[in-house]
Each structure stands twice: as C-alpha cells, then as structure tokens.
1. If you average the sequence gap of Cα pairs under 8 Å that are 6 or more apart and divide by the length of the range 35-81, what percent do you get for the contact order?
2. At 1.4 Å probe size, with the rest of the protein present, what percent of the exposed accessible area of the range 73-211 is carbon and sulfur atoms?
3. Could you order R147, R97 by accessible surface area, starting with the largest, using a probe radius of 1.4 Å?
4. What ranking of T116, T191, T150 comes out by heavy-atom accessible area, probe 1.4 Å, highest first?
5. Can you pull the accessible area of H98 for me, 1.4 Å probe, Å² to the nearest 10?
6. Heavy atoms of the protein only, probe of 1.4 Å, neighbouring chains included. What is the accessible area of W39 in Å², nearest 10?
7. With a sphere of radius 11 Å drawn around the Cβ of D33, what net charge do the other residues whose Cβ falls strictly inside it have (Lys, Arg +1; Asp, Glu -1)?
8. Compare R76, R52 by solvent-accessible area with a 1.4 Å probe and give them largest first, with all protein chains kept in place.
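The values are calculated or read from the model by the stated rules, or taken from the named source; none is laboratory data. Just so you know, these numbers come straight off a predicted model, no measurement behind them. Positions of Cβ are generated from backbone atoms using ideal geometry, with glycine treated the same way; all protein chains shown enter the neighbour counts. Surface accessibility is based on the protein's heavy atoms, side chains included, excluding ligands, DNA and RNA. Shrake-Rupley method; radii C 1.70, N 1.55, O 1.52, S 1.80 Å.
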Amino acid sequence: MAGLTMLAGVPTAHAERPLLPGVGPGDRRAPVDAAADPWRSVVRVQTNLAGRCTGALVGRRTVVTAGHCLFNPRTRRFLQASSLHVLFGYDRGEFTRHVTVARVATDPAYDPAAATPMFGGDWAVLTLAEPAPDQVPPLPVSVAPLRPGTPLMLGGYSQDRAQILMADSACRLLGESGGLLVHDCDATRGTSGGPLLVRTVGGAGANGIVASGGGWAVAGVGVAAGNAPAVRNFAVPSAHFAALLAKDTAAGQP
C-alpha cells in the first residue's frame with residue numbers, strides 16, 4: 001500500500017491548492033444537487049481546527065466518515081466529539097442544519113501517525129447529538145462482496161470546489177488490495193469519508209436493508225488515492241464498521 005495519498009480534509013485557508021491527487025486528466029466530477037437523492041444524505045464534517053471532510057448519514061443519528069479526518073497530528077490524538085460539526089445540505093456557505101457530535105468511535109487498531117498505518121481501519125462512526133432532519137433519509141449500508149466492474153458513485157466536498165458537492169457518477173470497482181476496495185472514481189482531498197455508493201437490488205441493500213436514498217447503498221468510505229498515472233483510488237469497505245453499526249442498533253441507538 002506504499003504510495004498512497006490520504007484524501008484528508010484541509011484547513012479552509014489552503015482549500016484551493018492546485019495539487020489534485022486522485023483525479024485523472026479526464027476528470028468526470030460534476031456538481032450534484034445537495035437536496036436530491038442520494039446526495040442529500042451526504043454531509044460535510046468540520047472540525048474546530050478548520051479541517052473538513054465528507055460523511056454519509058446511515059442512521060437517524062449516525063454518520064460514517066474517514067478516521068484520519070478526525071486526527072490531530074500535533075497532539076497525535078483523535079479529536080473529541082465536542083470539536084466536530086456535521087452540516088446537512090451544505091452549498092456555497094449555506095446549509096439546512098448544523099448538528100453537533102455526541103460520540104465518536106474509531107478502530108482501536110488504527111493509528112494515522114504509525115509508520116505503516118492499517119488503512120483498513122481508517123473509518124469513524126459519529127453519533128449525532130440530535131436526529132438528522134426528517135427530509136434526509138439514512139442511506140442503507142451494503143456489506144456484500146462486490147465484483148470488479150460493479151458500477152459505483154463517489155461524491156464529496158473536494159478541495160478545489162469546496163463550496164459545492166461534486167461527484168463522479170460513472171466509475172467502477174477495480175478490485176481489492178490490502179483490505180481496501182480499489183476503484184477508479186475521480187476524487188481528491190476533502191472527499192475523504194465520502195460514501196462509495198453501489199446500486200441496491202430489488203428495493204433493498206445487498207445486506208437486506210430496505211433501500212432509501214434513491215436506490216443507492218454505502219459500500220465503503222473513500223480514504224486515499226494511489227500515486228499512479230491512471231486513477232486508482234481506495235475506500236474502506238462497509239463491512240469493517242458494520243458490526244459497530246449493528247451493535248448500536250441492537251442497543252437502541254437510532
């Protein structure tokens with residue numbers, strides 16, 4: 001997994017850097033409607049340190065994102081829940097709802113500062129302090145294995161277009177490597193934590209969850225880009241955090 005570039009959020013003051021790892025010369029990203037399915041379930045995650053990433057609503061009070069987005073390299077610790085904010089419907093500085101975070105869960109084995117981080121643990125589950133807006137449906141989570149060639153979509157708040165939601169709606173799965181899903185979706189910094197979306201089948205997600213969000217399910221969260229001429233990006237499979245989501249559901253966490 002050498003040569004990966006983490007697609008982390010960046011402080012606002014540096015949001016327009018021209019370096020765009022993970023985006024090919026034929027950039028397929030295009031603006032999408034933040035109020036339409038499935039994009040209305042995609043959120044902007046911000047920190048008190050002026051960092052930002054992308055996330056996805058998967059429960060009335062549950063958002064998934066990338067773990068490295070919440071890491072403070074100065075203290076070498078993950079940020080506390082009180083430092084995190086989730087914005088729904090973000091578009092050009094406006095948003096429909098701001099919700100604070102009550103609890104954060106990350107993979108205990110994941111250390112972004114390690115010499116060789118366990119990239120498969122680069123996820124985080126945020127428990128919101130209050131439910132998401134009624135008009136925002138949680139996306140189902142798919143844990144079924146995907147075949148190479150499976151059509152995908154990936155969207156987020158990219159560093160070069162930080163004020164609008166951009167997405168590649170015409171990409172595919174390439175395979176798996178090092179416990180990560182490998183795909184060719186154009187995505188760059190700021191998109192970390194954005195949902196890698198797969199079509200649901202027969203009105204339900206691949207794991208049997210009834211579909212909402214326009215017939216798309218979260219197959220993983222985007223985390224990194226490969227340094228290669230061809231676009232070859234990476235996502236943590238939903239199966240890596242699905243057990244925690246199921247545990248919260250069983251415990252009555254909506």
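1. With pairs under 8 Å counted, the relative contact order is 22 percent.
2. Heavy-atom surface of the range 73-211 belonging to carbon and sulfur, 1.4 Å probe: 52 percent.
3. R147, R97
4. Result, largest first: T116, T150, T191.
5. My reading of the accessible area for H98 is about 80 Å².
6. Near enough 20 Å² of accessible area.
7. -1
8. R76, R52
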